[in-house]
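Q: One structure is given below, represented as structure tokens, and several questions about it will come after.
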Amino acid sequence: MIQYILTISLLIMSVVNWGMLTKNVDDNETIEQAIDRIVGEHNDNEDAHLGTGQSLQSHKASEIIDHLARSVYQDKFAYDRFLIKTNWETIDAWYHDTLTNIHSPGFLELDAGAVNSFHGYLLASGGELWEYSAYTSRHPYFLTNLLTYDNTHQTFYFGMIGEEHDSGFGFKIVDSSLYAVYYTTGNVEHTSLISGVTITNLHRYSCNIDADENLNFYVDDVLKYTILPSGLLDPGLFASFILLTSTPYSRYVFIRDMVFESDY
């Protein structure tokens, strides 16, 4: 009888387990210890919560990351960058033609026509400091929001492009067509057509050289063209807007802002 009861007890113990956990007769780990072990393994997993819809993945992908007001302090910022940002509070210290003007709060007007020899321009002030910062080896980044008023009889260069539009890189508009443009040894111009962009609408244009030395061109934050160039020429300017026309009638560009950033 004792042997029979013992057999039943062992059978029950081997079948009925808490949470369907397996259990060896020589395993002394308690349920609490098992929970601590599993939680520890989870905490040590660097990929935890990165799955689609999980908390860390959602935090990283959020358009706006919310924090308590006044919770970010100066020591959290990296002061290892050269950064210029303007909404055209002034155009002092920029080279520009006589017709270039602040059209309205937050918009600059570039004008090309017979009055200014068909050539409107706005260029970053020269000097060794600016040229040094715009070196392609310093991974420069350029961004602007703008639109053209017309889509005929115009050629418009903007980005980090030399004054004679024969060095650097950026964007080029010919009539209504948009191109990525860059210049290599011998002042050779290279272009790639970017389709599907209505230039008379306001768009955000940006270009940069990334850590892998790729040259990237974006419209509204969508990558449109990328290339690993050889012999890319330094622009000597960290920002330039150059509008040309062959007609005596004026052509206009409205520029909302400009951002330039590079390594020191």
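Q: Counting only residues that are exposed (fewer than 15 other Cβ atoms within 10 Å of the Cβ) and either among the hydrophobic types (A, V, I, L, M, F, W, C) or touching a Cys at 6+ places or on another chain (Cβ under 8 Å) (or both), which one in region 113-165 is modelled with the highest pLDDT?
A: Step by step, filter region 113-165, then rank; the result is ALA114.
Q: Say we look at region 74-89 and pick out the residues that are in a loop (DSSP other than H, G, I, E, B) and touching a residue at least 12 places away in the same chain (Cβ under 8 Å); which of these is farthest from ALA239 (Cα to Cα)?
A: Taking region 74-89 as the starting set, the residues that turn out to be in a loop (DSSP other than H, G, I, E, B) are 77-80, 87-89.
Those still in the list that are touching a residue at least 12 places away in the same chain (Cβ under 8 Å) too: 80, 87-88.
Working: ASP80: 20, ASN87: 14, TRP88: 13 Å.
The extreme case among them is ASP80.
Q: If I ask for residues that are within 15 Å of ILE242 (Cβ to Cβ) and within 20 Å of the chain's Cα centre (by Cα), which ones from region 183-208 would you list?
A: Result: TYR205, single match.
Q: Suppose we filter ASP234, ASP210 for residues that are farther than 24 Å from TYR121 by Cα, of a type in the set (Asp, Glu) and in contact (Cβ under 8 Å) with a residue 40 or more places away in the chain; which single one remains? Talk me through it step by step, then tell me what you get.
A: Working: ASP234 fails: farther than 24 Å from TYR121 by Cα.
Going through ASP234, ASP210 in turn, the sole match is ASP210.
Q: Can I ask one more? Does LEU244 satisfy the criteria of being hydrophobic (A, V, I, L, M, F, W, C) and touching a helix residue (DSSP H, G or I) at 6+ places or on another chain (Cβ under 8 Å)?
A: Numbers: hydrophobic (A, V, I, L, M, F, W, C): yes; touching a helix residue (DSSP H, G or I) at 6+ places or on another chain (Cβ under 8 Å): no.
Considered against the rule, which asks whether it is hydrophobic (A, V, I, L, M, F, W, C) and touching a helix residue (DSSP H, G or I) at 6+ places or on another chain (Cβ under 8 Å), LEU244 comes out as no.
Q: Here's another thing I want to ask about it. For region 73-94, indicate whether the set of residues that are hydroxyl-bearing (Ser, Thr, Tyr), over 22 Å from the mean Cα position of the chain (by Cα) and outside the structural domain of ARG256 (by TED's automatic domain parsing) is non-empty.
A: Of all residues in region 73-94, those hydroxyl-bearing (Ser, Thr, Tyr) come to 73, 79, 86, 90.
In the following step, the residues that additionally are over 22 Å from the mean Cα position of the chain (by Cα) were identified as 73, 90.
Retained after the next criterion (residues that are outside the structural domain of ARG256 (by TED's automatic domain parsing)): 73.
Yes, region 73-94 contains a residue that is hydroxyl-bearing (Ser, Thr, Tyr), over 22 Å from the mean Cα position of the chain (by Cα) and outside the structural domain of ARG256 (by TED's automatic domain parsing).
Q: Could I ask something else about it? Go through the residues of region 239-256 one by one and say whether even a single one is crowded, with 17+ Cβ neighbours inside 10 Å, in contact (Cβ under 8 Å) with a residue 40 or more places away in the chain and more than 21 Å from LEU147 (Cβ to Cβ).
A: No, the conditions are met nowhere in region 239-256.
Let's see how each residue does on (1) modelled with pLDDT of 95 or more; (2) under 22 Å from LEU108 (Cα atoms); (3) not acidic (Asp, Glu):
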position: TYR218; (1), (2), (3): yes, yes, yes
position: VAL222; (1), (2), (3): yes, no, yes
position: ILE227; (1), (2), (3): yes, no, yes
position: THR245; (1), (2), (3): no, yes, yes
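Q: Just to be sure, is PHE217 over 23 Å from ALA112 (Cβ atoms), of a type outside the set (Asp, Glu) and surrounded by 22 or more Cβ atoms within 10 Å (Cβ to Cβ)?
A: Details: over 23 Å from ALA112 (Cβ atoms): yes; of a type outside the set (Asp, Glu): yes; surrounded by 22 or more Cβ atoms within 10 Å (Cβ to Cβ): yes.
Against the criterion (over 23 Å from ALA112 (Cβ atoms), of a type outside the set (Asp, Glu) and surrounded by 22 or more Cβ atoms within 10 Å (Cβ to Cβ)), PHE217 qualifies.
The values are calculated or read from the model by the stated rules, or taken from the named source; none is laboratory data. Quick caveat: nothing in here was measured; it's all calculated off a predicted structure. FYI the Cβ positions are ideal-geometry reconstructions off the backbone, even for glycines, and counts take in every protein chain you see.
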